[in-house]
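In what follows, a structure is listed as structure tokens, so that the remarks can point back to it.
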Amino acid sequence: MFDNIFEFALIDDENDFLPIMSFEGEEGDKGTDAIKSNVPLLPLKNMLLFPTQMIPVNVGRQKSLQAVIEADKTDKFIAVVAQLDANTENPLGADLYDLGTVAKVMKIIKMQNGTSTVILQGRERCKLKQVIDEQSHLRAEIDLQPDNECDEKDPEFKALISSMKELALRIIHLSPNIPNEANLVLENIDQPGFLIHFISSNLNVSVDEKQKILAISDMKVRVQEILKSMDTELQLLELKDQIQNKVRSDIEKQQRDYFLHQQLKTIHDELGGDSPDNDLDDLIKRSKAMDWPAAAQDKFARELKRVKRMNPAAAEYSVTMNYLELLLDLPWGQFTEDKIDLRLAEEILDRDHFGLDKVKKRILEYLAVIKLKKDMKSPILCLVGPPGVGKTSLGRSIAEAVGRKYIRMSLGGLHDESEIRGHRKTYIGAMPGRIIQSIKKVNSSNPVFILDEIDKVGNSFRGDPSSALLEVLDPEQNKTFHDKFLGLEYDLSNAMFIGTANNLSSIQPALRDRMEIIHINGYSLEEKVQIGKKHLLPKQRKEHGLKVKDVRISDKTLAAIAERYTRESGVRDFERKLASVMRYVAKSVAMEEDYIQRIKPENLETILGPSTFDPELYVAGNPAGVSIGLAYTTVGGDILFIETSASKGKGQLILTGNLGDVMKESATTALSYIKAHAEELKIDADRLSKLNIHIHIPEGAIPKDGPSAGITMLTALTSLLTGRKVKPYLAMTGEITLRGKVLPVGGIKEKILAARRAGIKQIVLCKENERHILELDQDSLKGIKFIYVTQMHEVIDCALEKEKRNHVGAAGRRS
């Protein structure tokens, strides 16, 4: 089939070999008919000869060489069989496979080193019957084992041959050690048997596996076994190719990035701009001047080493650079010197805030401890009170009094724990938490930290920020505060933390336990007038570009604004109304119009419109069954109506007005007390059981809860069922029990201020609340009479008018 002369590398019989394609039979060749049953035997190490294949064998053993010479002298046929163990030097029959190939000695070549190389061409499979050990060489009795021929036109056989050739071509393409010319050789093979033997010889499998293939006489089965081995080899080559391509791609990308980086550096140098190396040099120079902890210094050195190996275009490069800059920007061990002058601090607090004497006293005590002890391990303050009473501005005044930097961090609506502790550097866009960011911004490790609206911290799947604050606000833990982005411990123990809140109940108990609570009550009318006169009026006058001569507002006018146009514990709305007055004046001054320079209460309707609130509306003309209670909310005190009515029914109690569970229980308790004491109250119990009682509290859109409306509901129900009206200008607050006791409640000052705003003249309270009244400024209590009670019947006696009227539950009456 081929008339080319093949060049091949000679290899010995102990190593792998490169099979050579056979020639067509030589002229005069009689084929397998001339093969005798007794032929010389040549054992092979680590190799196997298939029929139709030609191989060179470097013969080194003397017996093997004599066997080859004996065959060459006679009919040139020799049995070639693989050894079971390649380490056996003098093999006998038991050391050989029982199946081999009869080969023809084509040529013997004497080599320069004294060895001989014989070229063998396989002819037919043979089975060893007996191995004869002659003195000079081995001989064997053999039986020829012809292959079972397959019909070349059989579609299945043709498909198997085609698949085998395709796999072989793919293997050649993926194998770096096989020359491309092998494709041409493979394409030119058109004999299926020869192709099968050729591929079998070149399989990259062990001698045992090849021996198994040689032992298969059915050509179809043999091809299927060959395909399995080829498929395994192809998968291995494809995997190697993928790995090499990936490695090659990574190396090419690194080389490309390196060259681009060098070009970019050259361009920067030519343009005179800063290159990334210059930025690193600046960081190194700054780090040498730093006086920081050893842990921070080691961390900086490690990160700097990493960033030097990074590509500046990589996303991680910018994150690492930001981290290095943060390490350098943080004020490690830098503090502002405390200048605690208690008299100056008192002047500053009095200058910025009117009243609040109790709060100012506690703050001065707090500063005195700092001055004497010279450390910050004192309780962390939390200022609690309604909006607009000056909680946040108190923190600013404290910072000014001690000469420290001021930081205000609003926590309202915060629902991500990472806002406190920062994000891990593994995330794109990672940054430190707001605590560390604020410390970096003011460049001081001992600022005054105002944690504003600490009661409005949220909670979500991103974590619980209030739990993260536990570490910040614990003097025993914040010395080693850990920020996730920083990855180091930072000392916060020298910072002064002050929290502000409107409602204590919404603060996590563990967090509340770490703070010392200072309650800031709402302002009375007199205090609001003084605040407006000394602080708000000059401020608004200045903000609107007005002079003192342009507008004058008397104390009565300020009181009228606060009373008729605002309803709050603080002064924010009051300040807005003053701003409206200033705008009115500013417009007139700017347009050079005539206007009222000295504003009086009667002029307010022209400037601000009709009064928003009318105190008399709340207390005058209330029918039987209506009483007035006092409530405490997050925005201060307020008054609320308790309205009741009765209708024919089955003794049901109906509650409306968006009431909470505690308030509903108070209503049930009040009605149960009345039923139990119906005879004392002169109420027909049988008649009462046939009435449906309805209790309603107006402003149903606003949720209401708490026990302090207990005596108010009792009074309203008793008024309804006895027909005795509640005394005018009277309000009350207190909790009730089934035993007839009246219990104390909280928020007393805010409730009293709300009562004053509404024009209330008498307030019914629990006897135990008297101590709270004594703590208040007595000037703010002028015009109000306090009635202290301990029993529920005392409430009824002092709250209801003496005159009896027709009523729905009177004993002996019929409807």
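Values computed for the structure shown
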quantity	calculated
At R0 = 51 Å, FRET efficiency that the Cβ-Cβ distance of K741 and H415 yields, to 0.05	0.75
Segment Q477-K761, extension gain: residue separation times 0.36 nm, minus the distance between their alpha carbons	97.1 nm
Segment 587-736 - accessible surface per residue (Å², probe 1.4 Å)	48
Solvent exposure of segment 307-442 as accessible area per residue, Å², 1.4 Å probe	49
DSSP beta bridge pairing in segment 701-787, given as percent antiparallel to the nearest 5	20
The chain - share of DSSP beta bridges that are antiparallel (%, nearest 5)	60
CD proxy at 222 nm, helix term only [per DSSP H run n ≥ 4: -39500 (n - 2.57); per residue of the chain; nearest 500]	-12500 deg cm²/dmol
Centre separation in Å (Cα based) which lies between segment 703-749 and segment 213-234	100
In Å, descending, principal axis extents of the Cα set of segment 466-624	67, 54, 24
Check: segment 345-431 dipole with +1 on Lys, Arg Cβ and -1 on Asp, Glu Cβ, in debye	340
Dipole moment magnitude, nearest 20 debye, segment 538-687 about Cα centre, only Lys, Arg, Asp, Glu C-beta charged	560
Equivalent ellipsoid, segment 622-727 (semi-axes from 5 times Cα gyration tensor eigenvalues, Å)	24, 14, 12
Amide H partners (placed H, <5 Å) of I654, local residues excluded	I693, H694, I695
Surface/4 estimate of mean projected area, convex hull on alpha-carbon atoms of segment 357-492, nm²	8.9
Positive-end extreme of charge dipole, the chain - chosen from N769, Y427, I683 (charges on Cβ)	I683
Two-site FRET efficiency, Q130 against E209, from Cβ-Cβ distance with R₀ of 25 Å, rounded to 0.05	0.40
Angle between the chain longest axis and helix 572-590 axis [Cα atoms, degrees, rounded to 10]	80
Proximal lysines relative to K305, as straight alpha-carbon distance under 28 Å, when same-chain residues fewer than 8 apart are discounted	K246, K253, K265, K285, K288, K425, K440, K441, K484
Cα-based radius of gyration of segment 434-557 once divided by 2.2 N^0.38 Å, which approximates compact folds	1.50
Cα-Cα over 30 Å, subset of K45/K76; K456/K749; K374/K534; K549/K751	K374/K534; K549/K751
Partners for K767 among aspartates and glutamates (Cα-Cα distance below 16 Å; same-chain residues under 8 apart left out)	E735, E775, E794, D797
Of every Cα-Cα pair in segment 682-783, the percent that sits beyond 23 Å	36
Probe 1.4 Å - accessible area at R756, Å² to nearest ten	50
Using alpha carbons only: equivalent-ellipsoid semi-axes of segment 281-378, gyration tensor based, whole Å	46, 15, 11
Hz values of 3J(HN,Hα) by residue in segment 595-605 - Karplus curve (6.51, -1.76, 1.60), Gly and Pro given as x	8, 7, 7, 9, 7, 10, x, 6, 8, 5, 5
Pairwise label distance in nanometres, D281 with L184, each label 7 Å out on the Cα-Cβ vector	6.1
Charge dipole magnitude, Cβ of K and R +1, D and E -1 - the chain, Cα centre, debye nearest 20	6980
Pairs of alpha carbons in segment 99-251 whose separation is greater than 20 Å (percent)	62
Proximal lysines to K725, defined as alpha-carbon separation beneath 16 angstrom and excluding residues fewer than eight positions away on the same chain	K682, K802, K804
Of (i) 107, 39, 24; (ii) 111, 32, 22; (iii) 45, 29, 24, the label for semi-axes √(5λ) of the Cα gyration tensor in Å derived from the coordinates	(i)
Fraction of the pair-distance distribution of segment 106-155 above 17 Å, Cα-Cα pairs, percent	66
Pairwise Cα inverse-distance average, inverted: Kirkwood Rh of segment 189-254 (Å)	13.8
Accessible surface of the chain, 1.4 Å probe, proportion on carbon and sulfur as whole %	49
Solution diffusion estimate, µm²/s, Stokes-Einstein, segment 50-118, Kirkwood Rh from C-alpha pairs, 25 °C, viscosity 0.890 mPa s	189
Segment 351-407 pair-distance distribution - Cα-Cα, 10 Å bins, rounded %	20, 58, 21, 1
E156/R309 FRET efficiency (R0 51 Å; Cβ-Cβ; nearest 0.05)	0.30
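The values are calculated or read from the model by the stated rules, or taken from the named source; none is laboratory data. What you are looking at is a predicted structure, and each value in this text was computed from that prediction instead of being measured. Note that we place each Cβ from the backbone using ideal geometry, even for glycine, and neighbour counts take in every protein chain shown. With ligands, DNA and RNA removed, areas are computed over all heavy atoms of the protein, side chains included. Shrake-Rupley method; radii C 1.70, N 1.55, O 1.52, S 1.80 Å.
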